[in-house]
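The structure appears right after this line, and notes come after that.
The values are calculated or read from the model by the stated rules, or taken from the named source; none is laboratory data. Being a predicted model, the structure only gives us computed values, none of them experimental. Note: ideal-geometry Cβ built from the backbone for every residue, glycine included; neighbour counts use all protein chains shown. Quick note on the areas: whole protein, heavy atoms, side chains included, nothing else; ligands and nucleic acids left out. Shrake-Rupley method; radii C 1.70, N 1.55, O 1.52, S 1.80 Å.
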Amino acid sequence: MSLRVLNWILTASIWLLGLGILLILGVSLYGGLAGKPWFMMFPIVLGPAGSTDLLGDAQAVVGHLLADRATLNVAVDQMWIKFLFGVSTALVVGLWLYAAITLRRLVGDIAGGDPFAETAVPRLRWLGWLLIGVNAATLVSSCLLPLTLSGITLADGRALVTSPLSFGLPSTPYAQVKADLDGWLALCGLVLLALAEAFRIGRNLKVEGEGII
């Protein structure tokens, strides 16, 4: 991929992310003022889960179907929950917008023939810490947001467990809200931090070479 195409992609991403922030805030304001409910989806694990045998042509057991996962759709009417969810979502999108702008400036330095520009190292470090921060914020929100469902009961008699922790689960049938735990963004952030150090070394070598010449 050429730098020109990458620059176009980043420019389009910046405009789309900016539009996304406006839409999120607009929908949050409209939903709060008009009293419109929001629908939020949470992945849940059903337990204790029962399994069903899968039979082949000769009525032989060829596998097991384990029904232990489902999706919980919740209509949210509370204004503070909708506001909190809208602001947190807009904040995450805003962080991605800042990352796209920083990456576009970095690509501009490289396209200008100066890959080891003085601003390259701090920009890479900012991107690395930003990805780590977004990952941390996502993990925290994934653990805290299900706590807003503590007052909900299920019609089939299951207990709704809002804590993402695996211990202390009831022995009766339950539905546990699971947190979206993913560390790939943090790993990418660490890679960018390591790349920033490589750029710092390259920058020092360039300055030393120019001093010798």
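In region 137-180, the qualifying residues are those that are within 20 Å of the chain's Cα centre (by Cα), among the aliphatic types (A, V, I, L, M) and open to solvent by 50 Å² or more (accessible area, probe 1.4 Å), and the one that is farthest from residue 77 (Cα to Cα) is 165. Evaluating residue 69 against the criteria (1) at pLDDT below 85; (2) under 23 Å from the mean Cα position of the chain (by Cα) leaves one unmet condition, (1). Out of all the residues in region 41-52, which are part of a strand (DSSP E or B) and either open to solvent by 80 Å² or more (accessible area, probe 1.4 Å) or hydroxyl-bearing (Ser, Thr, Tyr) (or both)? Scanning region 41-52 gives 41, 51, 52.
Scanning region 1-40 for residues that are surrounded by 11 or more Cβ atoms within 10 Å (Cβ to Cβ), polar (S, T, N, Q) and modelled with pLDDT under 75 returns a single hit, 28. Does any residue of region 82-100 turn out to be part of a helix (DSSP H, G or I), open to solvent by 70 Å² or more (accessible area, probe 1.4 Å) and among the basic types (Lys, Arg)? There is no residue in region 82-100 that is part of a helix (DSSP H, G or I), open to solvent by 70 Å² or more (accessible area, probe 1.4 Å) and among the basic types (Lys, Arg).
Among the residues of region 183-204, some residue qualifies, meaning at least one is in a loop (DSSP other than H, G, I, E, B) and touching a residue at least 12 places away in the same chain (Cβ under 8 Å).
Residue 120 - would you say it is under 17 Å from residue 205 (Cβ atoms) and touching a residue at least 60 places away in the same chain (Cβ under 8 Å)?
Criteria met by residue 120.
Does at least one position in region 117-134 carry a residue that is more than 27 Å from residue 88 (Cβ to Cβ), within 27 Å of the chain's Cα centre (by Cα) and outside any helix (DSSP H, G or I)? For region 117-134, residues more than 27 Å from residue 88 (Cβ to Cβ), within 27 Å of the chain's Cα centre (by Cα) and outside any helix (DSSP H, G or I): absent. Do the conditions hold for residue 103, that is, is it in a helix (DSSP H, G or I), open to solvent by 60 Å² or more (accessible area, probe 1.4 Å) and either under 24 Å from residue 15 (Cβ atoms) or in contact with a strand residue (DSSP E or B) (Cβ under 9 Å, 6 or more places away or on another chain) (or both)? In short, yes. For region 59-81, the candidate set comprises residues that are in contact (Cβ under 8 Å) with a residue 24 or more places away in the chain and hydrophobic (A, V, I, L, M, F, W, C); within that set, the residue that is surrounded by the fewest Cβ atoms within 10 Å (Cβ to Cβ) is 75.
Restricting attention to region 81-100, the residues that are in contact with a helix residue (DSSP H, G or I) (Cβ under 6 Å, 6 or more places away or on another chain) and among the aliphatic types (A, V, I, L, M) add up to 7. Restricting attention to region 135-176, the residues being assigned to a loop (DSSP other than H, G, I, E, B) and in contact with a Leu (Cβ under 6 Å, 6 or more places away or on another chain) number 3.
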